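Readers should treat all values here as calculations from the given coordinates under stated rules, not as data from a laboratory. What you see is a predicted model; the values in this text were computed from it and never measured. Here the Cβ is made from the backbone with ideal geometry for all residues, glycine too, and neighbour counts use every protein chain on show.
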Amino acid sequence: MAAPDRWHGFELIAPGTHRICVRDPDDAHYCLKFERPPHERPPAGPRERLRRRLAQRFPRFGDNAAEWRAWRRLHARFGDAIDARFARCTGLVATPHGLALRQRCVTDADGRPAPSLFALLAAPSPFDPDRLCEAVAAFERWLIEHRVPLFDLNAGNFVVAGDAAAPRLVCIDSKSLAAGKEIVPLSRLVPALMRRKIARRAERLRRRIREARASAARAP
């Protein structure tokens with residue numbers, strides 16, 4: 001078996017676009033998220049560039065602090081039951097490589113790290129696309145029923161727990177709940193706008209799943 005990839009001595013789990021996720025060396029059931037410096041991130045608009053620069057000096061403006069705030073709000077509303085929908089965060093940790101967010105690793109039915117939805121769409125997998133679309137619909141219904149304005153419904157923000165017969169999505173990146181991109185957040189304040197926006201984003205994710213299946217079917 002090949003040795004796992006490393007980042008500054010940590011076992012690398014996922015080299016994300018904005019953050020790097022590594023195994024917590026003190027407890028393998030947890031991971032640590034480190035923010036990438038601005039020059040390693042994709043181009044952004046003026047408002048986002050300013051936020052990234054501020055985050056380098058003031059961590060409260062960073063992605064990790066935003067996700068920590070978001071998770072604490074979710075836990076205050078729903079208690080430990082929120083763990084079924086969102087990966088548990090336990091706090092910010094100072095390390096020699098910067099401030100990290102500590103988060104519990106989500107596992108599959110066999111106790112192994114749950115695969116990301118993004119990874120499942122990029123390669124052959126045992127998960128049926130229709131079941132994955134049903135899992136997206138279940139998450140969408142929960143968000144709308146509980147009025148949780150999570151709009152960043154991207155494949156890379158979810159892992160797939162459960163087994164192939166009954167997959168379940170768990171969000172591993174909730175920072176947008178505390179760091180939205182809207183200057184005037186009407187979609188967070190007006191329930192009808194919130195429902196429509198969640199529905200649009202969920203349908204876009206289901207379309208991505210269906211397109212991945214169609215692309216795999218065309219492959220030689």
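Results, tabulated for the structure shown:
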| read-out | value |
| --- | --- |
| Amide H contacts under 5 Å for F151, placed H, 5+ residues apart | none |
| Lys/Arg +1, Asp/Glu -1 at C-beta; the chain dipole; positive extreme among I198, L132, W71 | I198 |
| For segment 1-121, size of Cβ-based charge dipole, Lys and Arg +1, Asp and Glu -1, in debye | 820 |
| Prolate/oblate/rounded label for segment 6-104 (Cα gyration tensor, a/c 1.5) | oblate |
| Gain on full stretching of the segment that runs from V184 to H29 - 0.36 nm per residue minus C-alpha separation | 51.9 nm |
| Cut-off under 5 Å, modelled amide H: who pairs with W7 long-range | L12 |
| Matching label, P(r) over Cα pairs in 10 Å bins from 0, in percent computed from the structure shown, candidates (1) 9, 38, 40, 13, 0; (2) 7, 31, 37, 21, 3, 0; (3) 8, 21, 22, 20, 15, 9, 4, 1, 0 | (2) |
| Proxy reagent accessibility, fewest Cβ within 10 Å first, across E35, E134, E40 | E40, E134, E35 |
| Spatially proximal aspartates and glutamates relative to K175 (Cα-Cα < 17 Å; intrachain offsets below 8 disregarded) | E35, E48, D63, E67, D83, D152 |
| Ranked R208, R112, criterion: other C-beta atoms within 10 Å, fewest first | R112, R208 |
| R0 of 30 Å, Cβ-Cβ distance E203-A81: FRET efficiency to nearest 0.05 | 0.70 |
| Extension reserve of the T107-R210 stretch, reckoned as 0.36 nm per residue once the Cα distance is removed | 34.6 nm |
| Ranking of D130, D63 by count of other Cβ atoms within 10 Å, fewest first | D130, D63 |
